[in-house]
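Shown next, in structure tokens, is the structure this report addresses.
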Amino acid sequence: MNEAARKSVSGGRAAEAGTARDGGFEELKLDRVTRRFHETIALDALTLTIRRGEFVALLGPSGCGKSTALNCVAGLLPLSDGSIWLDERRIDVLKPEERGFGMVFQNYALFPHMSVRANIGFGLKMRGIARAEMRTRVDAALDLVQLRAHAEKLPGQLSGGQQQRVALARAIVIDPPLILMDEPLSNLDAKLRLEMRHEIRRIHRAVHRATIYVTHDQDEALSLADRIVVLQDGRAQQIGTPEDLYARPANLAVARFMGYRNILDIGVERVEGKRASLLGGNLRLEGTAQTAISAGRATIAMRPEEVALGAGSRNTFSGTVDQVEYCGRDYLVDVVTPMGTLYLRTDRRVSPDEVVQLSIPPERVLVFPPDGEGEGAR
Amino acid sequence: MAARATESDTIAGRTAGFDAAPLLWIPAALVVVALFLYPFGYGLVLSLTPAKGDVLANYQRFFTDQRLWQTISTTLWIALPATLINVGVSIPIAFVMRHPAWYQRALTTLLVVPVTLGTVLVAEGLLTYLGPQGWFNRLLLDLHLVAAPVRLTHNYWGVLLSLVITGFPFAFLLILSYLTGIDPSLARAAATLGARPGAQFRHIYLPLLAPGLAITFCLAFVQAFSVFPSAVLLGAPAGPTRVISIAAYQAAFEDYDYSMASAIAMIMGGVQLIIVAAVLSARGFFYRGPAGGGKG
């Protein structure tokens, strides 16, 4: 990117009272942040520390409390309990206009009666920045999102992707210590979503500001975030790096979200440390316990891309192909086995009713305490 | 196969190659011609055929007789303040009530009542309520706020008050519906960018509301300008509240000069048209378009 633009976007900070010193802050700390709506708990005691420049994704299905958490940080929703700290300063008592965070809304919330330039400059105008400085900073932000040519247009004259860029620029130009994004890509089509994901990554690297990004799309979270918080029913299920969550989901809820499509109810014969001997139908299988489990019932989770066609050194069994979906790069195959239907990805062409051998390494058969919802594959 | 083709033809509404859909404007046009254009043309012709004198004699008389031309300023002097009060007071109240709540429903229901009662009933009620022996003056006297009853009937204030009471709910409900049509996430976005509630109102709500305010102003003004019942019942129809509609009424039913009455009605329409055109052309300076924040 343009180095001058970058300097100018993150420069000029001295003129802003009350916001940040260089780099924003050391730590943003959410301490047991809770939000209740009447009797329902939308967000239950979320504790999270975000470091300078870090990109954190809040991931979960709709209604899991992720947008509630974001609105609490933005000041658009008061907390029912808990507190939020920016280094030593308690900020949950401040109004949204006093926090100075940049926010990108799901529907962009661009001011329809203002030009792109006026939209981006709005935050600077509210801060009483001088006209000349405002112009340079807005220009720099326009360059950053590559919209210089559209500066005088109204938002209604722009495409969805361009509107998205304006929303980003408007949030970034005020040089906020923290950037909040509420499902910013959910209104874009698949191709544009990929492009904008790339764009957000690039801009984050350029301005290097701590970011909280709300999404229900695990691909977005995995590709963008330094750390991911998986939320379900208002509770944090797991907080960790994308690699952590992908390889070692803490529970079934996280596993489901991380693409463990094969979730099966199974019997446990014996547990020795982490190694579990399993019995599903008449199949014997070895798995790895993720938490303390006991003999009896359990639920296992396996990723479709980790179930291999053909015999392996251990955990080899056979099944009958039911359905084959061609996905371009590979095939998604449903195989009926004695322990249930398994989904797997393979680049080998198989046909329905073919009997095939399958295998999966024991360390990739994740064993969790029984779930109740785990009957059959999902 | 043939049956299928017919079916799809009928669905497209183009049976026998003739598209009848554009003809649907005919009933509407007939109504407009019968109820608006014909009476208007009839009145215009009537106003140009005076009992004595040339074609423009009625208009000449109107603009040379002080008792007649002064009714324009008298009416404006009542209608403009009433409209400004109705629209001006509605804005802050609607702004406070823009978020749906139980009291929003309750209040809007309550406000529809004076609209449905009609001006005559409201004027009659006010006549007693605001009169020298009415509750209002009794209260002021009992609280020792005034020594003698305040005169609020049979003068300018009585008419103004009745126009506010009957006109306010109309203006308020219209403005409230315009306000609730503005995407609330715009104000939230403005707040995160540092705009306090006052600035949110000035920079976001007001510009997006402006076209709606212009329409509301025009409708409320036209309503107030044609004031007749309350000007007669609550005002002083011989003097300070001798509005233009009273002049037209007197010409028609006291002097039996329908031609003159038509001329006054034409002038009345002309004044309304000038004010409405002025307000609507000012609207051109504002943004007109959807008040949403982007893709919903």
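The values are calculated or read from the model by the stated rules, or taken from the named source; none is laboratory data. Please read these numbers as outputs of a predicted model, since none were measured by experiment. Counting neighbours? That spans all protein chains shown, and the Cβs are built from the backbone with ideal geometry, glycine included.
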Go through (1) more than 8 Å from chain B (Cβ to nearest Cβ); (2) free of Cβ contacts under 8 Å to residues at least 60 places away in the same chain and name the single condition A:G123 misses. (1)
From the list B:L80, B:L76, B:L111, exactly one residue is in contact (Cβ under 8 Å) with a residue 12 or more places away in the chain, in contact with a helix residue (DSSP H, G or I) (Cβ under 6 Å, 6 or more places away or on another chain) and surrounded by 13 or more Cβ atoms within 10 Å (Cβ to Cβ). Which is it? B:L111
Heads up, the strands (runs of 3 or more DSSP E) in the range A:260-338 (entirely inside) with at least 2 residues that are over 22 Å from A:R349 (Cα atoms) and either out of contact with any strand residue (DSSP E or B) (no Cβ under 7 Å at 6 or more places or on another chain) or not hydroxyl-bearing (S, T, Y) (or both) are A:262-272, A:275-280, A:283-289, A:296-302
Please state which of the following conditions B:W69 fails to meet, knowing it meets all the rest: (1) more than 19 Å from B:Y258 (Cα to Cα); (2) out of contact with any Leu (no Cβ under 9 Å at 6 or more places or on another chain). (1)
Please determine whether any residue of the range A:43-61 is modelled with pLDDT of 90 or more and in contact with a Cys (Cβ under 8 Å, 6 or more places away or on another chain). yes
Exactly one of B:I175, B:I204 is at the interface with chain A (Cβ under 7 Å from one of its Cβ atoms) and either buried (at least 17 other Cβ atoms within 10 Å of the Cβ) or in a helix (DSSP H, G or I) (or both), and that residue is B:I204
Residues of the range B:138-190 being more than 30 Å from A:G100 (Cα to Cα) and of a type in the set (V, I, T), which ones? B:V146, B:V150, B:T153, B:V159, B:V164, B:I165, B:T166, B:I175
Scan the range B:41-69 for residues that are exposed (fewer than 14 other Cβ atoms within 10 Å of the Cβ) and not aliphatic (A, V, I, L, M) and report the count. 11
Which of (1) in contact with a Pro (Cβ under 6 Å, 6 or more places away or on another chain); (2) free of Cβ contacts under 8 Å to residues at least 12 places away in the same chain; (3) not charged (D, E, K, R) is the odd one out, the single condition B:I246 does not satisfy? (2)
Could you tell me whether A:F122 is more than 23 Å from A:Q232 (Cα to Cα) and touching a Pro at 6+ places or on another chain (Cβ under 6 Å)? no
Which residues, counting only those in the range A:107-162, are among the hydroxyl-bearing types (S, T, Y) and not in a helix (DSSP H, G or I)? A:Y108, A:S115, A:S159
Failed condition for B:A51, given (1) among the aliphatic types (A, V, I, L, M); (2) more than 30 Å from B:I264 (Cα to Cα); (3) over 26 Å from the mean Cα position of the chain (by Cα), with all others met? (2)
Checking B:G181 against (1) of a type outside the set (K, R); (2) within 14 Å of chain A (Cβ to nearest Cβ); (3) free of Cβ contacts under 8 Å to residues at least 40 places away in the same chain, only one condition comes out false. Which one? (3)
Tell me, please, whether a residue that is at negative phi, part of a helix (DSSP H, G or I), touching a residue at least 12 places away in the same chain (Cβ under 8 Å) and surrounded by fewer than 21 Cβ atoms within 10 Å (Cβ to Cβ) can be found in the range B:121-131. yes
Does A:R193 satisfy the condition of being under 26 Å from A:R52 (Cα atoms), among the charged types (D, E, K, R) and out of contact with any strand residue (DSSP E or B) (no Cβ under 9 Å at 6 or more places or on another chain)? no
Looking only at residues in the range A:341-364 that are among the hydroxyl-bearing types (S, T, Y) and free of Cβ contacts under 8 Å to residues at least 60 places away in the same chain, which one is surrounded by the most Cβ atoms within 10 Å (Cβ to Cβ)? A:T346
Failed item, numbered, when A:E272 is tested on (1) without any contact (Cβ under 8 Å) to a residue 40 or more places away in the chain; (2) over 19 Å from A:P369 (Cβ atoms); (3) of a type in the set (D, E, K, R): (2)
So the check is Cβ under 8 Å with 6+ separation or different chains; which pairs have a first residue in the range A:221-236 that's under 17 Å from A:R205 (Cβ atoms) and a second one that's part of a loop (DSSP other than H, G, I, E, B)? A:D226/A:E54; A:D226/A:T241; A:R227/A:E54; A:R227/A:T241
Within the range A:79-100, can one find any residue that is in contact with a Ser or Thr (Cβ under 8 Å, 6 or more places away or on another chain), among the hydroxyl-bearing types (S, T, Y), touching a residue at least 60 places away in the same chain (Cβ under 8 Å) and more than 8 Å from chain B (Cβ to nearest Cβ)? no
For the range B:148-172, enumerate the residues that are in a helix (DSSP H, G or I) and among the hydroxyl-bearing types (S, T, Y). B:Y156, B:S162, B:T166
Identity of the residue in the range A:73-106, of a type in the set (V, I, T) and assigned to a loop (DSSP other than H, G, I, E, B), that ends up nearest to the chain's Cα centre (by Cα): A:I91
Take the residues of the range A:170-184 that are of a type outside the set (V, I, T) and assigned to a loop (DSSP other than H, G, I, E, B): which is farthest from the chain's Cα centre (by Cα)? A:D175
State which residue is surrounded by the most Cβ atoms within 10 Å (Cβ to Cβ) when the search covers only the range A:62-78 and only residues that are more than 13 Å from chain B (Cβ to nearest Cβ) and hydroxyl-bearing (S, T, Y). A:T68
Those residues of the range B:191-201 which are within 7 Å of chain A (Cβ to nearest Cβ) and either of a type in the set (A, V, I, L, M, F, W, C) or outside any helix (DSSP H, G or I) (or both) amount to B:A191, B:L193, B:G194, B:A195, B:R196, B:A199
Filter the range B:178-190 down to residues that are touching a helix residue (DSSP H, G or I) at 6+ places or on another chain (Cβ under 7 Å) and part of a helix (DSSP H, G or I) and give me whichever is farthest from B:V115 (Cα to Cα). B:A190
Can you tell me which of (1) more than 23 Å from A:L188 (Cβ to Cβ); (2) facing chain B (nearest Cβ under 10 Å) is the one A:V104 doesn't meet? (1)
Take the conditions out of contact with any Gly (no Cβ under 6 Å at 6 or more places or on another chain) and either modelled with pLDDT under 95 or within 14 Å of another protein chain (Cβ to nearest Cβ) (or both) and apply them to A:V138. Does it pass? no
